[in-house]
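Trainee: Attaching a single structure in structure tokens format; questions to follow.
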Amino acid sequence: MSKQTSRKKTASESTAAPRILILHGPNLNLLGRREPEIYGRTTLVDIHAAMEARGRAAGVQIESFQSNSEGELIDRVQAAASEGIEFIIINPGGYTHTSVALRDALTGVAIPFIEVHLSNIQAREAFRHHSFFSDIAVGTICGLGAQGYELALEAALTRIRRS
């Protein structure tokens, strides 16, 4: 799943379905085996498969991208603006607490987004309590494991239907 985006639709397909981008930050490619007592045993592939299935059922195209590189995440956010992405769901991983540049990219493209964390960052080490994204996000979901992505997708679908 690292540095991948799901299949691009043709021009006629992309006009038919809203598009949601799911961004996964550093180390999320290790889900399922990295500290399962904190992050659970669900893999990133499992999360993406569930999101894609729900998106298909809702008539929405889901694209997923993971990178351990801040610059690649920023490039993907910037590209989303010109690709017609309507909503972003992002788990910035460790960049949550450090990346002003990724925050600036999200602010710059003005695509609404929901911040997701598998663990409850407020219940962890003090340095994890501050997020550079929460105050500009539509909402933040943390501490619910992989279900947080599903809840974020439902919220995104509701917002897209209303617009």
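The values are calculated or read from the model by the stated rules, or taken from the named source; none is laboratory data. All of these numbers come straight from a predicted model, not from anything done at the bench. Cβ sites come from the backbone with ideal geometry, for glycine too, and all protein chains shown count toward neighbours.
Trainee: Scan segment 100-122 residue by residue and report those that are at pLDDT below 95 and more than 15 Å from the chain's Cα centre (by Cα).
Mentor: Passing the criteria: N120, I121, Q122.
Trainee: For the condition of a type in the set (D, E), under 23 Å from L30 (Cα atoms), surrounded by 22 or more Cβ atoms within 10 Å (Cβ to Cβ) and touching a residue at least 24 places away in the same chain (Cβ under 8 Å), what is the one hit in E150, E115, E70? Steps first, please.
Mentor: Values: E150 fails: surrounded by 22 or more Cβ atoms within 10 Å (Cβ to Cβ); E70 fails: surrounded by 22 or more Cβ atoms within 10 Å (Cβ to Cβ).
Residue meeting the stated conditions: E115.
Trainee: Only residues that are in contact (Cβ under 8 Å) with a residue 40 or more places away in the chain, out of contact with any Gly (no Cβ under 9 Å at 6 or more places or on another chain) and not in a loop (DSSP other than H, G, I, E, B): list them for segment 31-62, please. Lay out the reasoning, then the answer.
Mentor: Residues of segment 31-62 that are in contact (Cβ under 8 Å) with a residue 40 or more places away in the chain, as a first pass: 31, 38-40, 42, 44-48, 50-52, 54-55, 58-62.
If we keep only those that are out of contact with any Gly (no Cβ under 9 Å at 6 or more places or on another chain) too, we end up with 38, 47-48, 50-52, 54-55, 58-60.
I38, I47, H48, A50, M51, E52, R54, G55, A58 - these are the residues of segment 31-62 that are in contact (Cβ under 8 Å) with a residue 40 or more places away in the chain, out of contact with any Gly (no Cβ under 9 Å at 6 or more places or on another chain) and not in a loop (DSSP other than H, G, I, E, B).
Trainee: If you don't mind, there's one more thing I want to ask. If the requirement is being surrounded by fewer than 18 Cβ atoms within 10 Å (Cβ to Cβ), touching a helix residue (DSSP H, G or I) at 6+ places or on another chain (Cβ under 7 Å) and small (G, A, S), which of these qualifies: G84, G32, G59, G93?
Mentor: G84
Trainee: Separate question: For T42, all conditions in the list (1) surrounded by fewer than 22 Cβ atoms within 10 Å (Cβ to Cβ); (2) at pLDDT 95 or above hold save one; what is the number of the exception?
Mentor: Status for T42: all satisfied but (2).
Trainee: I'm trying to understand the selection: among the residues of segment 87-99, which are part of a helix (DSSP H, G or I) and modelled with pLDDT of 95 or more?
Mentor: Here is the first cut: in segment 87-99, the ones part of a helix (DSSP H, G or I) are 93-97.
The answer is none; no residue qualifies.
Trainee: Still on this structure: Which condition number does I121 fail, the rest of (1) out of contact with any strand residue (DSSP E or B) (no Cβ under 7 Å at 6 or more places or on another chain); (2) within 18 Å of H24 (Cα to Cα) being met?
Mentor: (1)
Trainee: Another question, if that's okay. Answer with yes or no whether L102 is assigned to a loop (DSSP other than H, G, I, E, B) and among the hydrophobic types (A, V, I, L, M, F, W, C).
Mentor: no
Trainee: In the list T158, T140, which residue meets the criterion of being outside any strand (DSSP E or B), at pLDDT 95 or above and of a type in the set (S, T, Y)?
Mentor: Going through T158, T140 in turn, just one is outside any strand (DSSP E or B), at pLDDT 95 or above and of a type in the set (S, T, Y): T158.
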